[in-house]
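Let me begin by presenting the structure, written as C-alpha cells, before commenting on it.
The values are calculated or read from the model by the stated rules, or taken from the named source; none is laboratory data. Quick caveat, the model's predicted, so the values are computed rather than measured. Here the Cβ is made from the backbone with ideal geometry for all residues, glycine too, and neighbour counts use every protein chain on show. Accessible surface is based on the protein model in full, side chains and every heavy atom, while ligands, DNA and RNA are left aside. Shrake-Rupley method; radii C 1.70, N 1.55, O 1.52, S 1.80 Å.
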Amino acid sequence: ATSRTYYAAFHFFRKFFLTHGINVGQGGQSHFNLYTGLANCGYASVEKLGEQLDLLRHLRAKADYDLNYPIAQAIALDAVQRSRTLVADFQALLTTIPASQIAAGAKRYLKSIGHIR
C-alpha cells in the first residue's frame, strides 16, 4: 500500500508536469526531479507539497527495499491518506495559483541545476 500510494501521487504530478511541457526523465532521476521541482517552484504552499511527496517517496523506498523495516498497517493507512490529501491540496491550490506558473517555476529550477534542458 505504501509503495502504490506513492506511485499514485508520483504519476499524478508527472502527468501534471508533462501536460505543461516538463519531462522529468526516467528512472531514479525522475523521482528526484519531480519532488525537487515542486519543492522549489517559488510558491511556498506548493513547495510544502513537494516535501510531502518526498516523504511518501522515502516511505516507499523503505517498504520496497528495506526488508528489515516492517511497515505497520497504521503507517500504510497514513501514507494512503497523505497521498490523497497531497493530490487534493494541490488541486485546491490550482484554483488560486495558475498551473502554468507552478510549472514555469519548477522548470526554471530544474534547468538551473542542470536536470532538464
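What do you reckon, is Tyr7 over 20 Å from Ala104 (Cβ atoms), modelled with pLDDT under 95 and either open to solvent by 60 Å² or more (accessible area, probe 1.4 Å) or not polar (S, T, N, Q) (or both)? Answer is no for this residue.
For every residue, the table says whether it meets (1) within 18 Å of Ala9 (Cα to Cα); (2) among the small types (Gly, Ala, Ser); (3) free of Cβ contacts under 8 Å to residues at least 12 places away in the same chain.
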| residue | (1), (2), (3) |
| --- | --- |
| Gln26 | yes, no, yes |
| His31 | yes, no, no |
| Gly50 | yes, yes, no |
| Asn68 | no, no, yes |
| Gln73 | no, no, yes |
| Gly105 | no, yes, no |
| Ile116 | no, no, no |
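If you take the residues in the range 62-95 that are more than 16 Å from the chain's Cα centre (by Cα) and not in a helix (DSSP H, G or I), which one is nearest to Tyr6 (Cα to Cα)? Only one residue tops the list, namely Ile71. Looking only at residues in the range 37-59 that are open to solvent by less than 10 Å² (accessible area, probe 1.4 Å) and in contact with a Gly (Cβ under 9 Å, 6 or more places away or on another chain), the one that is nearest to Thr2 (Cα to Cα) is Gly50. Across the range 17-36, the number of residues qualifying as open to solvent by 20 Å² or more (accessible area, probe 1.4 Å) and not in a loop (DSSP other than H, G, I, E, B) comes to 8. Quick check on Tyr109: is it assigned to a helix (DSSP H, G or I), over 12 Å from the mean Cα position of the chain (by Cα) and aromatic (Phe, Trp, Tyr)? Considered against the rule, which asks whether it is assigned to a helix (DSSP H, G or I), over 12 Å from the mean Cα position of the chain (by Cα) and aromatic (Phe, Trp, Tyr), Tyr109 comes out as yes.
Evaluate the following for Thr19: is it of a type in the set (S, T, N, Q), touching a helix residue (DSSP H, G or I) at 6+ places or on another chain (Cβ under 9 Å) and modelled with pLDDT of 95 or more?
Judged against the criteria, Thr19 is a match.
Out of curiosity, is Ala63 of a type in the set (Gly, Ala, Ser) and either open to solvent by less than 40 Å² (accessible area, probe 1.4 Å) or touching a helix residue (DSSP H, G or I) at 6+ places or on another chain (Cβ under 8 Å) (or both)? It is true that Ala63 is of a type in the set (Gly, Ala, Ser) and either open to solvent by less than 40 Å² (accessible area, probe 1.4 Å) or touching a helix residue (DSSP H, G or I) at 6+ places or on another chain (Cβ under 8 Å) (or both).
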